[in-house]
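Colleague: Just dropping this structure here.
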Amino acid sequence: MTRRVSIFGATGSIGCNTVSLIAEAPDDFEVVALTGGRNVAKLAGQARALKAGLAVTAHEDCLPDLREALAGTGIETAAGAGAICEAAERPADWVMSAIVGAAGLPPGLKALEQGRTLALANKESLVTAGPLLMATAAAHGATVLPVDSEHSAVFQALIGEDMAAVERVIITASGGAFRDWPLEKLRRATLAEASSHPNWDMGQRITIDSATMFNKALELIETKEYFGVRPDQIETVIHPESIIHALVGFRDGALMAHLGPPDMRHAIGFALNWPDRRDLPVERLDLAQLGQLNFRAADPERSPALRLAREVMETGGLAGAVFNGAKEAVLDAFIAERIGFLDMAHIVERVLAKMSAGRHISAEITLDNVVAADAEARRLAMEDVAKGQA
Ligand code: NDP
C-alpha cells in the first residue's frame with residue numbers, strides 16, 4: 001500500500017537522506033509536502049523528482065524563486081513558518097521532522113495533533129518541550145519514532161522488553177572533532193575545525209554541537225523525555241568509532257547493544273519502514289575487519305555541556321527551552337565568529353543560572369511559554385555575546 005509522507009527540513013542532511021531512501025522505492029510512497037529554508041534550488045529539484053504535492057520554503061523572500069523553479073509542474077508552493085505548520089496539517093501517514101533547531105517544534109506538534117506517525121530527528125523538540133510533545137502524541141493517538149541514531153538504537157534494543165526491567169541507558173559519544181585535543185588548544189579552535197566531524201557527515205550546526213558536546217547534552221535530555229527514564233539512569237561514554245550507538249542495561253545485568261555503521265540512513269530507514277524491517281542500502285559491518293572497539297569516560301572538564309544537561313534534567317520545566325535557546329544563540333555567534341569555542345558553554349551556563357533564579361522557569365510547558373523562554377534565553381545570550389565584544 002502506498003504511504004503518504006511529508007518531510008520537514010527536506011533540504012538538510014537528514015532530509016536529503018530521507019529523500020534518497022524514498023526515491024529508491026517511488027511506488028511505495030506518495031509525497032504530500034516537502035519543506036526547506038533558503039536552499040530553494042534543492043527543494044524544487046526534490047519536489048520535481050518525488051512529484052510532491054506541495055513545496056514550502058520557510059522564507060517569504062524565497063517564494064518567487066521557488067514559484068519560478070516549479071512553474072508548470074502543478075506543484076503547489078507556499079512560504080513562511082505558518083505555511084510550514086499548515087503543511088503539517090495535510091493528510092499524511094508518516095512525517096519526518098528534520099528542521100534544525102527550535103523552529104522544528106510547532107510543525108511537529110501540528111502533525112501529532114493530526115494523529116500522524118512523527119519520525120523525530122529534531123531533538124530540540126524533545127529538549128524544549130518533551131512533556132508537551134509526548135502528551136500531544138498520547139492525546140491524539142499519534143506515534144513518535146526516534147531518528148537520532150542513539151535513540152533509534154535504544155528503541156530497537158527495547159523491542160519486546162518491559163521498561164520496568166531497565167536499569168540504565170548508555171548513549172555513546174564519538175567525542176566530536178576535538179576529542180583528542182588538549183584543553184588549552186580548544187580555546188583557539190576555529191569555525192572550520194569545529195565544522196568537520198571525524199565519523200558522521202551531518203549539517204554544520206549539529207557537527208559543531210558534537211565538538212562542544214552540546215549535541216550529546218541534548219541527547220541526554222532527549223533520552224529522559226522520550227523513554228521516561230530518570231536522569232541517574234542515563235549514562236554516556238566516549239566511543240570514538242561510532243559503531244555502538246547505545247546500550248540498554250537490564251536489572252539482571254544484561255547489556256543489549258545496537259551496532260551499525262555511522263550512516264543516518266539506517267535510523268531513518270528503520271523509522272520509515274517501522275514496524276517492519278526492509279532491505280536498506282547501508283554498509284554491513286565486518287567485525288573481524290573492525291578488530292576492536294574503544295571506550296573511555298567523558299572528561300567533565302572538557303565537556304561542561306554534559307554537566308549543564310544534568311542540571312537541566314533535574315530542574316525540568318522550561319529549563320530545556322532555556323538551555324536550547326541559549327545554545328542556539330551562542331552557536332549563531334560562534335558561526336558568525338563573534339565568540340570563541342569555549343565561550344559557548346560559559347555563556348549558556350550564565351543564561352541558565354540567570355533564568356533559573358527567576359520564577360518563569362517553572363511555568364507550565366505550553367508552546368507559548370516555550371517560545372517566550374526560548375526568546376528570553378536568546379536575548380540574554382546575545383547580551384552576553386555583545387558584552388564580551390565591547
Ligand atoms: P541541516 O542544517 O543539514 O538541515 C536543516 C533543515 O532545516 C534544512 O532543510 C533547512 O533548510 C531547514 N531549516 C533551517 N532553518 C529553518 C527554519 N527556521 N525554519 C524551517 N526550516 C529551517 O540539519 P541536519 O539535517 O543536520 O539536522 C536536522 C535535525 O536533525 C536537527 O535537529 C539535528 O539535531 C537532527 N539530527 C541530525 C543528524 C544528522 O546526521 N545530520 C543526526 C541526528 C539528529 P535550508 O537548508 O534550505 O536553509
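Colleague: Among the residues of segment 77-115, which ones are outside any helix (DSSP H, G or I) and either more than 21 Å from residue 147 (Cβ to Cβ) or of a type in the set (A, V, I, L, M, F, W, C) (or both)?
Modeller: 77, 78, 79, 80, 91, 92, 94, 95, 96, 98, 99, 100
Colleague: Only residues that are open to solvent by 40 Å² or more (accessible area, probe 1.4 Å) and farther than 13 Å from residue 52 by Cβ: list them for segment 1-15, please. If you could, list the steps in order and put the result at the bottom.
Modeller: Here is the first cut: in segment 1-15, the ones open to solvent by 40 Å² or more (accessible area, probe 1.4 Å) are 1-4, 13.
Correct list: 1, 2, 3, 13.
Colleague: Can you name every residue in segment 78-133 that is buried (at least 24 other Cβ atoms within 10 Å of the Cβ), away from the ligand (no atom under 12 Å from the Cβ) and among the basic types (Lys, Arg)?
Modeller: 116
Colleague: Which one of these does residue 363 not meet: (1) within 14 Å of residue 386 (Cα to Cα); (2) open to solvent by 20 Å² or more (accessible area, probe 1.4 Å); (3) touching a helix residue (DSSP H, G or I) at 6+ places or on another chain (Cβ under 6 Å)?
Modeller: (1)
Colleague: Can I ask one more? Name the helices (runs of 4 or more DSSP H) wholly inside segment 161-212 in which the number of residues that are farther than 20 Å from residue 121 by Cα and out of contact with any Leu (no Cβ under 7 Å at 6 or more places or on another chain) is 3 or more.
Modeller: Of the helices (runs of 4 or more DSSP H) lying wholly inside segment 161-212, those with at least 3 residues that are farther than 20 Å from residue 121 by Cα and out of contact with any Leu (no Cβ under 7 Å at 6 or more places or on another chain) span 183-186, 191-194.
Colleague: Of everything in segment 200-233, what is farther than 19 Å from residue 331 by Cα and hydroxyl-bearing (Ser, Thr, Tyr)? Give them in sequence order.
Modeller: Those that are farther than 19 Å from residue 331 by Cα and hydroxyl-bearing (Ser, Thr, Tyr): 223, 226.
Colleague: Tell me, yes or no, whether segment 64-71 has at least one residue that is open to solvent by less than 60 Å² (accessible area, probe 1.4 Å), more than 21 Å from the chain's Cα centre (by Cα) and within 14 Å of the ligand (Cβ to nearest atom).
Modeller: yes
Colleague: So which residues in segment 143-165 are open to solvent by less than 20 Å² (accessible area, probe 1.4 Å) and either without any contact (Cβ under 8 Å) to a residue 12 or more places away in the chain or over 15 Å from residue 245 (Cα atoms) (or both), if there are any at all?
Modeller: Hits for segment 143-165 are 144, 145.
Colleague: Do you know which of the residues in segment 134-150 that are touching a strand residue (DSSP E or B) at 6+ places or on another chain (Cβ under 9 Å) and of a type in the set (Gly, Ala, Ser) is nearest to the ligand (Cβ to nearest atom)?
Modeller: Here the answer is 149.
Colleague: Quick one: in segment 27-44, which of the residues that are out of contact with any helix residue (DSSP H, G or I) (no Cβ under 7 Å at 6 or more places or on another chain) and open to solvent by 40 Å² or more (accessible area, probe 1.4 Å) is farthest from the ligand (Cβ to nearest atom)?
Modeller: Checked segment 27-44; the qualifying residue farthest from the ligand (Cβ to nearest atom) is 27.
Colleague: Also, quick follow-up: I need the full set of residues from segment 154-196 which are within 16 Å of the ligand (Cβ to nearest atom) and more than 22 Å from residue 257 (Cβ to Cβ), in order please. So that I can check it myself, show each step before the final result.
Modeller: Of segment 154-196, the ones within 16 Å of the ligand (Cβ to nearest atom) are 154-156, 171-177, 191, 194-196.
Listed by number, the residues that qualify are 177, 191, 194, 195, 196.
Colleague: Going by what's in this entry, would residue 328 be described as in contact with a Pro (Cβ under 9 Å, 6 or more places away or on another chain) and part of a helix (DSSP H, G or I)?
Modeller: no
Colleague: All but one of (1) under 24 Å from the mean Cα position of the chain (by Cα); (2) polar (S, T, N, Q); (3) more than 8 Å from the ligand (Cβ to nearest atom) hold for residue 2; which doesn't?
Modeller: (1)
Colleague: Being over 22 Å from the mean Cα position of the chain (by Cα) and among the β-branched types (Val, Ile, Thr) is the filter here; which residues of segment 247-288 pass it?
Modeller: none
Colleague: Kindly provide the set of residues from segment 357-381 that are over 23 Å from the mean Cα position of the chain (by Cα), hydrophobic (A, V, I, L, M, F, W, C) and assigned to a helix (DSSP H, G or I), ordered by number.
Modeller: Answer for segment 357-381, where residues must be over 23 Å from the mean Cα position of the chain (by Cα), hydrophobic (A, V, I, L, M, F, W, C) and assigned to a helix (DSSP H, G or I): 357, 380.
Colleague: Mind checking which residues of segment 212-236 are away from the ligand (no atom under 14 Å from the Cβ), more than 20 Å from residue 147 (Cβ to Cβ) and touching a residue at least 24 places away in the same chain (Cβ under 8 Å)?
Modeller: The answer is 231, 233, 235.
The values are calculated or read from the model by the stated rules, or taken from the named source; none is laboratory data. Since this is a predicted model, take the numbers as computed values, not measurements. Here the Cβ is made from the backbone with ideal geometry for all residues, glycine too, and neighbour counts use every protein chain on show. Please note that ligands, DNA and RNA were not included when accessible areas were found on the heavy atoms of the full protein model with its side chains. Shrake-Rupley method; radii C 1.70, N 1.55, O 1.52, S 1.80 Å.
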